[in-house]
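First up is the structure itself, then whatever we jot down about it.
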Amino acid sequence: MHAVGLDKVLVRKILEHAVQYTWKIQQIGLLMLRLDEQREFALHVWAPERCTGVPPIHDHPYDFVSRIIAGELTNARYVEDPSGVKYLRERYKPSNEESRTMDYVQLVPEVVETFKEGDEYAQAADELHASHQLPGTVTIIRRAFRDVGELTVCRLEEDPWVSGASRPATSAEVKEITTQTLTWF
């Protein structure tokens, strides 16, 4: 059996019994289930309609490889360019996103790629990116945490701050999001 086919079967079983697991949710419209104690592997179920505001351009405290199990994801990697769009850049220590320094930066998308079921993509911790998913898209991410001094979020000045912090998901949130997601299976 192809690896993605096996992954899809296993993920479907998790989603069919989703309320039995401990999920986290983030303001970007991400429902997350850690798959191991070391936090290396996680299942991501995307509900972009739940994003409070516009998904920001951001980096991560880890390098990662993401495999699309179901659905579709578009990822744009950004670089600084004086002819780019002006963004409010906010930097903070990974342990304290409330204490942010702010300035402005001009960015352009350098690479924009769309990934579908079975595709994988990799990204370094310090690469700025924004991703957009079809509702119910499911990915498995493998993370390699790095010792980073600060994280970066870039947004248009009129857009609200979108926190990267997670909180426990309610059973109702888990059921609603995973029920929608099962239509991909």
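What follows draws every value from the coordinates through simple rules; no lab data is involved. The structure displayed is predicted, hence computed values, not measured ones. All Cβ positions, even for glycine, are placed from backbone atoms using ideal geometry, and neighbour counts span all protein chains on display.
Observations, loosely collected:
- Hey, T183 over 27 Å from Y87 (Cα atoms), touching a strand residue (DSSP E or B) at 6+ places or on another chain (Cβ under 8 Å) and assigned to a helix (DSSP H, G or I) or not: no
- Scanning the stretch 121-135 for residues that are surrounded by fewer than 17 Cβ atoms within 10 Å (Cβ to Cβ), out of contact with any Gly (no Cβ under 9 Å at 6 or more places or on another chain) and of a type in the set (A, V, I, L, M, F, W, C) yields a count of 2.
- Residue tally, condition over 11 Å from Q133 (Cβ atoms) and either part of a loop (DSSP other than H, G, I, E, B) or among the polar types (S, T, N, Q) (or both), over the stretch 34-50: 6
- The residues listed here are G118, G164; of these, the one that is touching a helix residue (DSSP H, G or I) at 6+ places or on another chain (Cβ under 7 Å) and small (G, A, S) is G118.
- Every residue from the stretch 87-99 that is touching a residue at least 40 places away in the same chain (Cβ under 8 Å) and assigned to a strand (DSSP E or B): Y87, L88, R89, E90, R91, Y92, K93, E97
- Of the criteria (1) surrounded by 14 or more Cβ atoms within 10 Å (Cβ to Cβ); (2) of a type outside the set (V, I, T); (3) part of a strand (DSSP E or B), which one G118 fails: (3)
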